[in-house]
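Okay, so here's the structure we're looking at.
The values are calculated or read from the model by the stated rules, or taken from the named source; none is laboratory data. Keep in mind the model is a prediction, meaning the values are calculated, not measured. A quick note on method: Cβ atoms are made from the backbone with ideal geometry, for glycine too, and the neighbour counts reach across all protein chains shown.
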Amino acid sequence: MPYTPALSEQVILITGASTGIGAALARLLAVKALGIRLVLAARSQDKLEQVANDCSKAGADVLVVPTDMANVEQVTALAGSAIERFGRVDSLVNNAGYGQMGPVELIPIEAATRQFQVNLLGTLALIQAVIPTMREQGGGRIINISSIGGRMAFPFGGLYSSSKFALEGLSDALRMELDAFNIKVSVIEPGPVSTDFFDTAAQSVEQIVPDPQTTPYRAAFENLKNLQNKTSSRAWTSEQVAEVIFRALTAQHPNPRYIAATGGNFLVFLMTKVLPTKAVDAFWQRFYGVDLVAKDWQKRTENSD
């Protein structure tokens, strides 16, 4: 028989499910597909249990598996727990991730390594772990949550964008490789989202650069404090992004990419296909305050003479 399970009969594994987009998606699925089976993973068991309780009340069968995506052993154990409990995984939503902000020059290799462990390598390990089961059951879906930052790089977001660029390349290759097994692969590219992303990013900056005023990038660091305010008017809620993921999970022929941002399709087209690179660079330099660095650096060098 062809692989055509109803959504309410599926097993869907969601990483980063304790807050934000992952939690919103879990609740949405529980409400829209009575009896659906959900596997929820994140580092915080307490927060996961709160989301699981909401989903259970809506009629979902929920398995909570605390998991650090930077730990490959925990990631493979997550896949094993899902398969042991439910016998299958119909859809995998790789939502776990975070943004390491700061100038590339100042980010320690240890911090860069963890950025790729969480945003790329943990995702890769989980995908590899579920592919055999999906193939044996006749198909499945893999949804990788990237970012508009996975199509365009921004100042102070080089490591984050690098990890998402890599995730996009991985997704493109998987989409072609897994088509023979009826495993569909899609990428979701959110723009600004009203989550704790910027707070987490600010904390990561404080950890790697405790005194930004002593760095050559101090003018841009000042601007970074206002970044969330500058993007808040265009930010989507987690629930809005969850609706886009839901479309990718339920479409008969899912798109390779879904942009989840107001005017996002036009922005990506404009910035990647129309405007010259020099103009795009200048725009993002102004937006992130990097254009102020040259003037500030000139003043500092003049004063030191």
Every residue from segment 64-90 that is among the polar types (S, T, N, Q) and surrounded by fewer than 24 Cβ atoms within 10 Å (Cβ to Cβ): Asn71, Gln74, Thr76, Ser81
Residues of segment 128-152 being surrounded by fewer than 16 Cβ atoms within 10 Å (Cβ to Cβ) and either more than 29 Å from Val89 (Cα to Cα) or of a type in the set (Lys, Arg) (or both), in sequence order, are Arg135
Cross-chain or 6+ apart pairs with Cβ under 8 Å, segment 94-118 first and part of a helix (DSSP H, G or I) and among the polar types (S, T, N, Q), then surrounded by 15 or more Cβ atoms within 10 Å (Cβ to Cβ) and at pLDDT below 95: Gln115/Tyr98; Gln115/Gln100
Check Ser163 against each of (1) in a helix (DSSP H, G or I); (2) closer than 23 Å to Ala279 by Cβ; (3) in contact (Cβ under 8 Å) with a residue 60 or more places away in the chain; (4) touching a Phe, Trp or Tyr at 6+ places or on another chain (Cβ under 7 Å) and name the one condition it does not meet. (2)
Any residue in segment 250-266 that's acidic (Asp, Glu): show its pairings with residues that are assigned to a strand (DSSP E or B) and exposed (fewer than 13 other Cβ atoms within 10 Å of the Cβ) at Cβ separation under 6 Å, as long as the two are six or more apart or on different chains. none
I'd like to know if segment 251-263 contains one or more residues that are part of a helix (DSSP H, G or I) and either of a type in the set (Asp, Glu) or within 18 Å of the chain's Cα centre (by Cα) (or both). no
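Could you check segment 11-91 for helices (runs of 4 or more DSSP H) lying wholly inside it with 2 or more residues that are within 16 Å of the chain's Cα centre (by Cα) and not acidic (Asp, Glu)?
Filter on segment 11-91 gives 20-32.
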Residue list for segment 129-151, restricted to those being assigned to a helix (DSSP H, G or I) and within 25 Å of Thr4 (Cβ to Cβ): Ala129, Val130, Ile131, Pro132, Thr133, Met134, Arg135, Glu136, Gln137
Would a scan of segment 35-53 turn up a residue that is of a type in the set (Asp, Glu), surrounded by fewer than 22 Cβ atoms within 10 Å (Cβ to Cβ) and either at pLDDT below 95 or touching a strand residue (DSSP E or B) at 6+ places or on another chain (Cβ under 7 Å) (or both)? yes
Considering every residue within segment 214-225, establish whether at least one is in contact with a helix residue (DSSP H, G or I) (Cβ under 9 Å, 6 or more places away or on another chain), crowded, with 17+ Cβ neighbours inside 10 Å, more than 27 Å from Pro103 (Cβ to Cβ) and of a type in the set (Lys, Arg). no
Is one or more of the residues making up segment 77-93 at pLDDT below 95 and not acidic (Asp, Glu)? no
Determine the pairs where a residue that is under 22 Å from Leu106 (Cα atoms) and modelled with pLDDT of 75 or more, located within segment 215-235, has a partner that is polar (S, T, N, Q) and surrounded by 14 or more Cβ atoms within 10 Å (Cβ to Cβ) with Cβ atoms under 8 Å apart, the partner being 6 or more residues away or on another chain. Phe221/Thr215
Selection from segment 1-39 of residues without any contact (Cβ under 8 Å) to a residue 60 or more places away in the chain, touching an Asp or Glu at 6+ places or on another chain (Cβ under 9 Å) and either β-branched (Val, Ile, Thr) or within 17 Å of Val118 (Cβ to Cβ) (or both) yields Ser18, Ile36
